[in-house]
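Structure, as structure tokens:
The values are calculated or read from the model by the stated rules, or taken from the named source; none is laboratory data. Since the model is a prediction, treat every value here as computed from it, not as a measurement. Cβ sites come from the backbone with ideal geometry, for glycine too, and all protein chains shown count toward neighbours.
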């Protein structure tokens, strides 16, 4: 008789993907394929693609953004390492904070975990203020709660000017 394999706990996580230089749609499609091919990661839902104004102090072109729900047995730091590796595969170079990028993958939520360390803060800092992240997330998970408020309500409370829904990736 073979011993039963221990079941790995699956956590629902939300990711935000964005980019504004190069072939961002291609980079996102390849990122989704890399995530789906990773043991311990199962994609659940992806939002529509959105064109959003750039955020931050650097003048740059608009971004394409989407949100993704997945289930994972990876720990939060393992998931972060995976996201950083996928960004690098897609040509991400970190030269300038808030600057243009080929692909950015942020962990927005990791279950209900609240964490702050030198590498990772969960939920993602300033998520409740960022329409470019909340609008796609509200499309696929309106009832998720951040700081006691539903994602849909947080999204509706922000300035949504300049955000354009483009459809499926």
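Among the residues of the stretch 127-154, write down those that are part of a helix (DSSP H, G or I) and closer than 14 Å to residue 109 by Cβ. Talk me through it step by step, then tell me what you get.
We begin by selecting, within the stretch 127-154, every residue part of a helix (DSSP H, G or I); these are 127-129, 131-140, 151-154.
127, 128, 133, 134, 136, 137, 138, 140, 151, 154 - these are the residues of the stretch 127-154 that are part of a helix (DSSP H, G or I) and closer than 14 Å to residue 109 by Cβ.
Summed over the stretch 132-168, the residues that are under 10 Å from residue 67 (Cβ atoms) and over 15 Å from the mean Cα position of the chain (by Cα) give a count of 0. In the condition set (1) under 18 Å from residue 166 (Cβ atoms); (2) surrounded by fewer than 18 Cβ atoms within 10 Å (Cβ to Cβ); (3) modelled with pLDDT of 95 or more, residue 53 is compliant with all but (3). Within the stretch 26-39, residues that are on the phi > 0 side of the Ramachandran plot have Cβ atoms under 9 Å from residues that are modelled with pLDDT of 95 or more and assigned to a helix (DSSP H, G or I) in no pair, counting only partners at least 6 apart in sequence or on another chain.
Residue count for the stretch 10-26 satisfying the condition of being part of a strand (DSSP E or B) and within 14 Å of residue 51 (Cβ to Cβ): 3.
Taken together, the residues in the stretch 32-50 that are buried (at least 17 other Cβ atoms within 10 Å of the Cβ) and touching a strand residue (DSSP E or B) at 6+ places or on another chain (Cβ under 6 Å) amount to 6. In the stretch 127-140, of all residues being surrounded by fewer than 21 Cβ atoms within 10 Å (Cβ to Cβ) and touching a strand residue (DSSP E or B) at 6+ places or on another chain (Cβ under 6 Å), the one that is nearest to residue 86 (Cα to Cα) corresponds to 140. Residue 95 fulfils the conditions (1) out of contact with any strand residue (DSSP E or B) (no Cβ under 9 Å at 6 or more places or on another chain); (2) at pLDDT 95 or above except for a single criterion, (2). Within the stretch 108-126, the set of residues being in contact with a strand residue (DSSP E or B) (Cβ under 6 Å, 6 or more places away or on another chain) and either assigned to a loop (DSSP other than H, G, I, E, B) or crowded, with 17+ Cβ neighbours inside 10 Å (or both) comprises 108, 109, 110, 111, 113, 122, 123, 124. Here 89, 78 are screened, and the one residue that is surrounded by fewer than 16 Cβ atoms within 10 Å (Cβ to Cβ), on the phi < 0 side of the Ramachandran plot and modelled with pLDDT under 95 is 89.
When the stretch 61-75 is examined, which residues are found to be crowded, with 17+ Cβ neighbours inside 10 Å and in a loop (DSSP other than H, G, I, E, B)?
Once the filter is applied, which keeps residues that are crowded, with 17+ Cβ neighbours inside 10 Å and in a loop (DSSP other than H, G, I, E, B), the stretch 61-75 yields only 74.
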